[in-house]
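**Student:** Please see the structure below; I have some questions.
Quick note: the coordinates plus some simple rules give every number you see, no bench work behind them. These numbers come from a predicted model, not from an experiment. So basically every Cβ, Gly included, is an ideal-geometry build from the backbone, and we count neighbours across all protein chains shown.
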Amino acid sequence: MVIVGSSVIFNTPIALLPVQILWLNLLTDGFLSIGLANEGQEHRYSKYHFSRYRGSILNKYDIFRIINMVLVMSVVSITMFLYMLKIAVIEVVRTCMLIIVSLFHWVNAINIRKNYDSIFSYNPFSNKFIFIGLIIEGVLLWASVYTDIGNRFLHTVKVNPNVFYYFFFVSLIILILDELYKFFYRIKKDRRGI
């Protein structure tokens, strides 16, 4: 919503076409949601039980974490969109936006598997559903950019494969910033003895 809304604010062509947004929501989010639903429990939740739990669904930590991730992904994506509009035609820009948003979703899915624990404290490949989902989505993203049917259906164009490496490193910013957020939260909790 923020990325598409920015097109209105900055009076630019729409960043993603409706069919591209639908593709992202159904496929990119779909497989990863299944994987996240099969994620193992964090140690701190081992004593929780749905019939006894009386807390909020979202606490301040969760709300600020969601806001932080949305802001980071949105600001980076919008900044790249505005920059690319100056150097490339809109079809290339939209294809790149599809890649950027997909990569952000993938990195974020790996990142949010644990609410408090660092990604470095567990095996990132321990959830086979996310691993399989990422492989499927990688193939689908490749097909959406580098096959004729993908180009026709999603209005994409073939781009230099090197952009995947560049956008992947850009998408890691969400992991780095969220790791810092979780790290400082754990320090704060340890000082309070919680």
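**Student:** Order these by the 10 Å Cβ neighbour count, fewest first: D178, D148.
**Tutor:** Taking fewest neighbouring Cβ atoms as first place, the list is D148, D178.
**Student:** Another question, then. Is any residue of the stretch 57-94 close enough, with backbone N under 15 Å, to a label point placed 7 angstrom from the Cα of F169 along the Cα-Cβ axis, and if so, which?
**Tutor:** Once the point is set 7 Å along Cα→Cβ of F169, nothing inside the stretch 57-94 turns out to lie under 15 Å by backbone N.
**Student:** I've got another one for you. Give me T156, T79, T28, T12 sorted ascending by neighbouring Cβ count inside 10 Å, so fewest comes first.
**Tutor:** Sorted ascending by nearby Cβ count, the order is T79, T12, T28, T156.
**Student:** What is the order of R113, R186, R152, fewest Cβ neighbours within 10 Å to most?
**Tutor:** Arranged by neighbour count, lowest to highest, R113, R186, R152 become R152, R186, R113.
**Student:** I'd like the orientation of helix 90-111 relative to the chain: the angle between its Cα long axis and the longest Cα principal axis, in ° from 0 to 90, rounded to 10.
**Tutor:** That works out to roughly 10 degrees.
**Student:** Diagonalise the Cα gyration tensor of the chain and give the resulting equivalent ellipsoid semi-axes, square root of 5 times each eigenvalue, largest first, whole Å.
**Tutor:** 33, 19, 15
**Student:** For the stretch 96-167, compute the orientation-averaged projected area of the C-alpha convex hull (one quarter of its surface), in nm².
**Tutor:** Convex hull of Cα atoms, orientation-averaged projection: 5.4 nm².
**Student:** Suppose R0 equals 41 Å; then what is the FRET efficiency for R191 and D29 from their Cβ-Cβ distance, rounded to the nearest 0.05?
**Tutor:** Step by step, r from the Cβ atoms, then E = 0.65.
**Student:** Nearest 0.05, what FRET efficiency do T12 and V76 give at R0 = 25 Å with Cβ-Cβ as r?
**Tutor:** Calculated transfer efficiency: 0.90.
**Student:** Tabulate in residue order the Karplus-calculated ³J(HN,Hα) for the stretch 135-149, using 6.51 cos²θ - 1.76 cosθ + 1.60 with θ = phi - 60°, rounded to whole Hz; enter x for Gly and Pro.
**Tutor:** 5, 4, 5, x, 5, 5, 5, 4, 5, 6, 9, 10, 10, 5, 5
**Student:** Total Lys pairs in the chain closer than 25 Å by alpha-carbon, pairs eight or more apart in sequence or interchain only?
**Tutor:** Lysine pair count for the chain: 16.
**Student:** Per the Kirkwood treatment, what hydrodynamic radius in Å, one decimal, follows for the stretch 54-116 from the mean inverse distance over all distinct Cα pairs?
**Tutor:** 13.5 Å
**Student:** Expected output is a single nm value to one decimal: the length gained when fully extending between N160 and I87, i.e. 0.36 nm times separation in residues minus the C-alpha distance. What is it?
**Tutor:** This chain segment gains 24.8 nm when fully extended.
**Student:** Also, I was wondering about something else. For the Cα atoms of the chain, what angle does the longest principal axis make with the long axis of helix 162-192, in degrees from 0 to 90, nearest 10?
**Tutor:** With both axes taken from Cα atoms, the answer is about 20 degrees.
**Student:** Kindly provide the helix-only [θ] at 222 nm of the chain, computed as the sum of -39,500 (n - 2.57) over DSSP H runs of four or more divided by all residues, to the nearest 500 deg cm²/dmol?
**Tutor:** Value at 222 nm, helices only: -22500 deg cm²/dmol.
**Student:** Would you mind checking which residues have amide H under 5 Å from I14's amide H? H placed 1.01 Å from N; only 5 or more apart, or other chain.
**Tutor:** none
**Student:** For a quick check: with amide H placed at 1.01 Å from N, whose amide H comes under 5 Å from I112's, ignoring anything fewer than 5 positions away on the same chain?
**Tutor:** Amide H neighbours of I112: none.
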